[in-house]
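The values are calculated or read from the model by the stated rules, or taken from the named source; none is laboratory data. What you see is a predicted model; the values in this text were computed from it and never measured. Virtual Cβ from ideal backbone geometry, glycine too; neighbours counted across all protein chains shown.
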Amino acid sequence: MSDLKPLEIVKELDKYIIGQDRAKRSVAIALRNRWRRRNVDAELRDEIAPKNIILIGPTGVGKTEIARRLARLTESPFIKVEASKFTEVGYVGRDVESMVRDLLELSINMIKSREQEAVQIKAREIAEERILDILLPEPKDRQNSNVHELNEPHIDLQPVGEEMPKPSTREKLRKMLHEGKLNSRYVDLEVPNRSMPMVEIFSGAGMEEMGINFKDMLGGMMPNGSSKKRKVSVTEALEILAQEEAQRLVDMDKVVKEAIEKAEQSGIIFLDEIDKITGKEGGSGPDVSREGVQRDLLPIVEGSTVTTKHGPVKTDHILFIASGAFHMSKPSDLIPELQGRFPIRVELHSLGKKEFTRILTEPKNALLLQYIALLRTEGVHVSFDDEAVENIAQVAEDVNNHTENIGARRLHTLMEHLLEDILFDAPDIEEKNIAISKSYVENKFKDIREDEDLSRYIL
Ligand SMILES: Nc1ncnc2c1ncn2[C@@H]1O[C@H](COP(=O)(O)OP(=O)(O)OP(=O)(O)O)[C@@H](O)[C@H]1O
Ligand SMILES: [Mg+2]
């Protein structure tokens, strides 16, 4: 888990998200608190519950974005779920637990790939030996190694030519292999056939609750049915074998154990759209009632044990970050037990011209930079005057005020409209340097901006 200080976390978030300082501070503190908790005496450690957060704010102001960036920043397992999906038809209460299973699955993958990374060098060495075995089979071992061979993925031999290699031949070949001289040679390799579409049908939700994994079951039942022979280049074979060996070298029991620990201690679950599950009535139709979903969520947020096929996972110390617009409802409309589980409330404010100007230009992945990069692939160099940028921001604010406030998402629709012609003509455009000026922007938006109905449809 990352041990960034709160200030460092905020700094990182600043690279992508403009403003919303309070929200950034809160998530930074929550994250740091987990690191602190880990350093507390064991006895007290278990008593310290995470301080879950609700991010409140209108649509398109960076709630999800903050969570998304936080995920990349920390090395904690992190998943995002829409609370509202649990109210949909087809979901039964128990499925709320699936988020914990997903979190664990993610945690396992994280640790597995880290472990596989760590054994890369060793795996490569073994793969290299296996390639040499293929290229240069040793006749004397052949007869009595059959038993041993059965367990190994079978490798077809493609002799290099010499019948009785001298001991040094292998070393010569090894040297050639290292120098890349054998890269274009082809070998037959038995590769596991990973796509088993038929099996997917069975492995739907619910199966997991029973602790059954059909894929593993069937995979175990027909070990030979699931591989096929392929002709691959030595380079590719090295890659495949190294991966195979890496998987074999990693101790999955250890991985799972660590993954559970990690999910329990530093996992973060982002509960989006939490406002959609307030209110007693479940809306229309046979939807699961919203309050019902809250009740289902409660034990998980409060701390309980969820059974997964890898073993039980305790949710006591998982950090929950909820988010919602709370237009029609307030956090106080949540059932009291759940409210108490989210002691920190942060409001994100709606965005105006000043923020839009910065959002267009400042973040590392700023929208303008994206368009500039896209068009550069066609040899077209666009640039934006400061005044033009301000103008776009102003239009965004106006349109948001007059029609619906969709926050920074407005910038996306505006930019598409603004650059439509250039994006269309770019491949054949004569003038390769295009400076977008204030008047260009004004022209583009002149008619639409004044006509409210038109802007509803176009922008
Ligand atoms: N403060 C901000 N700084 C930079 N980009 C932002 C900001 N707010 C929103 N954006 C951009 O706007 C888009 C929508 O933001 P986001 O997904 O975070 O909205 P949200 O607050 O989760 O809205 P909703 O309530 O609809 O889920 C994203 O592409 C995001 O990059
Ligand atoms: Mg969102």
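Determine which member of the set R68, R22, R72, R36 is in contact (Cβ under 8 Å) with a residue 40 or more places away in the chain and of a type in the set (D, E, K, R).
That would be R22, the only listed residue that is in contact (Cβ under 8 Å) with a residue 40 or more places away in the chain and of a type in the set (D, E, K, R).
Run E115 past the list (1) under 25 Å from Q265 (Cβ atoms); (2) modelled with pLDDT of 90 or more; (3) within 16 Å of ligand 2 (Cβ to nearest atom) and report the number of the one that doesn't hold.
Single failed check for E115: (3).
Which residues, taken from segment 395-417, are in contact with a Pro (Cβ under 8 Å, 6 or more places away or on another chain) and near ligand 1 (Cβ under 8 Å from one of its atoms)?
Across segment 395-417, the qualifying residue is only G407.
Quick one: D14 ticks every box in (1) over 20 Å from H317 (Cα atoms); (2) surrounded by 18 or more Cβ atoms within 10 Å (Cβ to Cβ); (3) touching a helix residue (DSSP H, G or I) at 6+ places or on another chain (Cβ under 8 Å) except a single one, so which number is it?
(2)
Given segment 241-358, what helices (runs of 4 or more DSSP H) lie entirely inside it while holding 2 or more residues that are basic (K, R) and under 23 Å from G57 (Cα atoms)?
Ranges flagged: none.
Tell me yes or no: at least one residue of segment 67-79 is within 16 Å of ligand 2 (Cβ to nearest atom), surrounded by 17 or more Cβ atoms within 10 Å (Cβ to Cβ) and in a strand (DSSP E or B).
Yes; the residues of segment 67-79 include at least one that is within 16 Å of ligand 2 (Cβ to nearest atom), surrounded by 17 or more Cβ atoms within 10 Å (Cβ to Cβ) and in a strand (DSSP E or B).
Cβ-Cβ distance below 7 Å, separation of 6 or more or different chains: which pairs start in segment 390-406 with a residue that is within 16 Å of L418 (Cα to Cα) and end on one that is small (G, A, S) and assigned to a helix (DSSP H, G or I)?
V399/S455
Working only within segment 346-362, note down all residues that are closer than 30 Å to D296 by Cβ and surrounded by fewer than 16 Cβ atoms within 10 Å (Cβ to Cβ).
Hit for segment 346-362 is E347, nothing else.
Look through segment 40-66, keep the residues that are aliphatic (A, V, I, L, M) and not in a helix (DSSP H, G or I), and return whichever of them is farthest from the chain's Cα centre (by Cα).
V40
Being surrounded by fewer than 14 Cβ atoms within 10 Å (Cβ to Cβ) and of a type in the set (A, V, I, L, M), is that true of even one residue in segment 371-382?
Yes: segment 371-382 contains one or more residues that are surrounded by fewer than 14 Cβ atoms within 10 Å (Cβ to Cβ) and of a type in the set (A, V, I, L, M).
Just to be sure I understand the filter: pairs with C-beta atoms under 6 Å, separated by 6 or more residues or on different chains, first member in segment 421-439 and closer than 15 Å to L374 by Cα, second member surrounded by 15 or more Cβ atoms within 10 Å (Cβ to Cβ). Which pairs pass?
What qualifies is A426/L375; A426/E378; A426/V380; P427/E378; I429/V380; K432/V380; I434/V382.
Kindly indicate which of I29, I9 is part of a helix (DSSP H, G or I), in contact with a Pro (Cβ under 7 Å, 6 or more places away or on another chain) and more than 17 Å from Q265 (Cβ to Cβ).
Testing whether each residue is part of a helix (DSSP H, G or I), in contact with a Pro (Cβ under 7 Å, 6 or more places away or on another chain) and more than 17 Å from Q265 (Cβ to Cβ) leaves just I29.
Could you tell me whether T87 is more than 16 Å from ligand 1 (Cβ to nearest atom), assigned by TED's automatic domain parsing to the domain that holds I269 and either closer than 19 Å to Q339 by Cα or not aromatic (F, W, Y) (or both)?
In short, yes.
Are any of the residues in segment 353-367 in contact with a Leu (Cβ under 7 Å, 6 or more places away or on another chain), without any contact (Cβ under 8 Å) to a residue 24 or more places away in the chain, within 16 Å of ligand 1 (Cβ to nearest atom) and more than 19 Å from I448 (Cβ to Cβ)?
yes
Among the residues of segment 368-389, what is the count of those that are among the acidic types (D, E) and either over 13 Å from V441 (Cβ atoms) or at pLDDT 95 or above (or both)?
So the answer is 1.
If we keep just the residues of segment 426-459 that are of a type in the set (K, R) and touching a helix residue (DSSP H, G or I) at 6+ places or on another chain (Cβ under 8 Å), which is modelled with the highest pLDDT?
Only one residue tops the list, namely K438.
Filter segment 249-275 down to the residues that are closer than 14 Å to A325 by Cβ and crowded, with 21+ Cβ neighbours inside 10 Å and list them by number.
L271, I274, D275
List, please: which pairs have Cβ atoms under 8 Å, are six or more places apart or on different chains, and start with a residue in segment 316-344 that is farther than 13 Å from A83 by Cβ and end with one that is part of a helix (DSSP H, G or I) and within 16 Å of ligand 2 (Cβ to nearest atom)?
H327/D275; M328/D275
With E416, E420, E404 as the choices, which residue is among the charged types (D, E, K, R) and outside any helix (DSSP H, G or I)?
Result of the check over E416, E420, E404: E404.
Restrict the check to segment 91-99 and report whether at least one residue is within 35 Å of the chain's Cα centre (by Cα), within 16 Å of ligand 2 (Cβ to nearest atom) and at pLDDT below 85.
No, every residue in segment 91-99 fails to be within 35 Å of the chain's Cα centre (by Cα), within 16 Å of ligand 2 (Cβ to nearest atom) and at pLDDT below 85.
Do we find that M99 is closer than 18 Å to D272 by Cβ, aliphatic (A, V, I, L, M) and more than 16 Å from ligand 1 (Cβ to nearest atom) in this structure?
So M99 passes the test.
If I filter segment 389-407 for residues that are among the hydrophobic types (A, V, I, L, M, F, W, C) and within 16 Å of ligand 2 (Cβ to nearest atom), do I get at least one hit?
Yes, because at least one residue in segment 389-407 is among the hydrophobic types (A, V, I, L, M, F, W, C) and within 16 Å of ligand 2 (Cβ to nearest atom).
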